[in-house]
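Single-structure report; data block below.
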Amino acid sequence: MSQQLPVVEIRREPAPVNAAAGQPGRLPAGRRISLLGRRLGSVALYVFLTVMAVFALFPLYYVVQASFAGAQNLYTTDLHLFPAHFTLANYVTAFTQEPLLNWIGNTLLVCGLTALCGLICSTSGAYALARFRFAGRELTLRALLALQAFPGLLALTAYYLLLNTLHLLNNLLGLVLIYSAGAVVFCCWNTKTYLDGLPVELEQAALLDGATPLQAFWHIVLPLATPALAVAALFTFMTGWNEFALANLVLNANANGSNLTFILGLYSLQSDFRTPWGIFAAASVIVSLPLMLIFFFAQRYFRSGLAQGGLAN
Amino acid sequence: MPMLRVKRRTIVAFLLPMLAMMAVINLWPILYTLYLSTTNYSEFTSDNYRFIGLENYRQLLFSFDSDFFPVLWQTLLYVVVCVSCFLVVGMLTALALNNPRVKGLPFWRVVLLLPWAAPSGITALIWKFLFQYDFGPFNQIGRLLFGPQFGIPWLLNPTLAFISVVIVNVWLSYPFFTVVILGALQGIPGELREAARIDGAGPWQYFRHVTLPLVTPALVPATILSAITTFQMFNTVFLITQGGPVVSALKPGATEFVMIYMYNRILGATVANPHYGFIAAFAITLFVILAALTYLGSGLGARSPRASSIREARA
């Protein structure tokens with residue numbers, strides 16, 4: 001298919017000229033073949049796009065329709081692509097009989113606190129790395145890169161013992177602490193890269209005028225760095241959304257499972273002996289929809305944040 | 001780059017919150033894991049464990065019944081298969097979306113990038129349902145086409161389970177490559193296409209000698225980062241297969257990749273006596289491999305960890 005796609009483009013201009021001349025029947029043989037190839041290429045292009053669209057959309061479509069379907073549609077060996085009996089029962093059940101609101105609240109709390117902790121702990125450090133010269137600066141930067149390569153999951157046992165000592169096992173704050181490990185490193189690197197691109201003259205002027213470094217940092221640098229901080233917070237936030245392994249290590253479900261994050265909750269719904277697919281589907285839709293909307297609205301912002309550092313370097 | 005001159009005190013004060021936090025939650029766990037890897041610490045010996053030197057590493061790397069190399073091998077196979085699929089699917093979709101003849105481009109763009117926006121943990125659980133033997137829609141479609149006895153044991157057969165988690169990972173990750181490649185394609189000046197046409201280059205030659213070399217600089221870091229992320233993939237695969245299916249109690253499951261293997265040896269339901277020391281050695285060995293890959297990768301063009309974090313955010 002990849003061979004056919006460019007054909008479409010390259011023969012694009014000459015062909016209309018001939019058509020305009022009103023002599024389609026007298027086209028040289030090569031031209032006729034290329035016209036045919038062009039049409040075939042067009043068909044292939046749309047076939048490919050349609051196949052990919054089905055591939056991309058099918059899982060999402062299926063779960064949306066399943067969320068509106070009754071059990072008789074889901075526990076059958078026949079295919080149902082539309083809910084035979086449209087019902088909102090799954091949504092009602094998800095809210096009333098499963099602790100869905102608790103799961104969402106817990107997840108928001110954990111991700112929010114992680115983002116906050118990441119920013120608070122890292123911003124002044126990032127500023128120091130970007131602006132001050134001191135022994136061990138290079139070493140710290142290298143260490144940051146090395147730490148970034150260390151997935152928290154590898155230190156599973158150590159984290160478990162650490163939280164045990166701090167009495168934070170089975171506590172959302174314990175999860176925040178573990179997630180902060182990745183968050184601090186990422187936020188620091190992100191902010192530092194952004195600050196590297198900001199001119200230092202403003203702060204120099206402020207220091208000459210008698211401001212303390214803290215004042216310069218607080219009143220000049222922080223307002224300027226807001227976009228970078230926002231992007232770092234959002235990425236940190238989103239990293240926590242889907243994290244399963246560490247959450248599963250820290251949190252043990254209580255009697256009704258209300259202390260879980262939503263990914264653990266959805267997993268427990270699926271491994272439940274009842275496997276309530278309809279409720280699972282409804283809960284998935286409720287949780288995913290706002291996330292996907294946020295993602296699409298924030299996408300532009302992400303990319304502008306991306307271009308400023310990292311890959312663009 | 002100009003630097004600010006400040007007192008040593010100030011520098012320490014600015015760095016302190018970050019370094020203190022990192023010492024507790026980043027550095028200590030790593031050092032403790034390193035220490036554990038030289039002990040015989042396990043659930044049963046937690047009161048009287050002792051230093052045993054490099055014995056865990058010897059067992060991991062040089063003993064015949066070690067699972068290390070089979071697990072590493074199937075993880076690397078997974079990485080190679082997945083990343084090749086990402087590249088091919090990402091390239092094809094990007095070429096299609098870059099074609100000005102396609103009508104309704106914004107529509108196709110949104111649709112084809114939609115898997116990127118969906119929260120991956122949830123979509124993994126959705127895919128698990130799609131693969132389900134009796135009620136999953138894939139087998140339902142098969143039954144519709146090939147009769148009632150049709151059935152593909154997607155997650156029950158080792159090879160098919162491997163293929164299933166590849167499919168899911170391709171679904172999750174190709175949009176990232178589409179975006180990267182599309183960005184590079186849009187940076188190619190139109191005159192090049194015209195010049196190539198005048199010089200008589202065919203479409204394949206144009207792709208091979210113009211498009212590909214111009215897209216490669218963007219592709220190399222994306223590929224390396226993606227390979228590293230796939231190597232340490234846990235969530236998606238675990239949520240779908242838990243590392244299974246397990247054919248024999250002595251062998252790791254067909255989709256038990258390095259992270260899942262480690263996790264199952266500590267938290268697995270069938271593990272009575274997790275051998276923390278041994279698993280720590282496993283973790284440290286993995287870290288060395290990952291650090292080497294990252295180092296090589298950063299030499300090849302990925303300069304900051306930012307892009308890997310973006311992938312992690314989606315992973």
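The values are calculated or read from the model by the stated rules, or taken from the named source; none is laboratory data. These numbers come from a predicted model, not from an experiment. Note that we place each Cβ from the backbone using ideal geometry, even for glycine, and neighbour counts take in every protein chain shown. Areas reflect the complete protein model, heavy atoms only, side chains present, ligands, DNA and RNA absent. Shrake-Rupley method; radii C 1.70, N 1.55, O 1.52, S 1.80 Å.
Of note:
- Candidates are the residues of region A:134-159 that are more than 7 Å from chain B (Cβ to nearest Cβ) and within 27 Å of the chain's Cα centre (by Cα); the one that is least open to solvent (accessible area, probe 1.4 Å) is A:144.
- Residue match in region B:300-307 (condition: of a type in the set (A, V, I, L, M), modelled with pLDDT of 80 or more, at negative phi and surrounded by 19 or more Cβ atoms within 10 Å (Cβ to Cβ)): no
- Among the residues making up region B:269-284, a single one is more than 10 Å from chain A (Cβ to nearest Cβ) and open to solvent by less than 20 Å² (accessible area, probe 1.4 Å): B:281.
- Considering A:73, A:90, the condition of being modelled with pLDDT under 85, assigned to a helix (DSSP H, G or I), on the phi < 0 side of the Ramachandran plot and open to solvent by less than 60 Å² (accessible area, probe 1.4 Å) is satisfied by A:73 alone.
- Meets criteria (open to solvent by less than 30 Å² (accessible area, probe 1.4 Å) and more than 9 Å from chain A (Cβ to nearest Cβ)) for residue B:172: yes
- Residue within region B:4-12 that is surrounded by 19 or more Cβ atoms within 10 Å (Cβ to Cβ) and at pLDDT 90 or above present: yes
- Filter result for the condition that a residue is more than 30 Å from residue A:283 (Cβ to Cβ), at pLDDT 90 or above and either in contact with a His (Cβ under 7 Å, 6 or more places away or on another chain) or among the aliphatic types (A, V, I, L, M) (or both), over A:163, A:129: A:129
- Identification of helices (runs of 4 or more DSSP H) wholly contained in region B:139-208 with 2 or more residues that are modelled with pLDDT under 85 yields B:190-198.
- The helices (runs of 4 or more DSSP H) located wholly in region B:1-75 that include 2 or more residues which are of a type in the set (Gly, Ala, Ser) occupy B:8-22.
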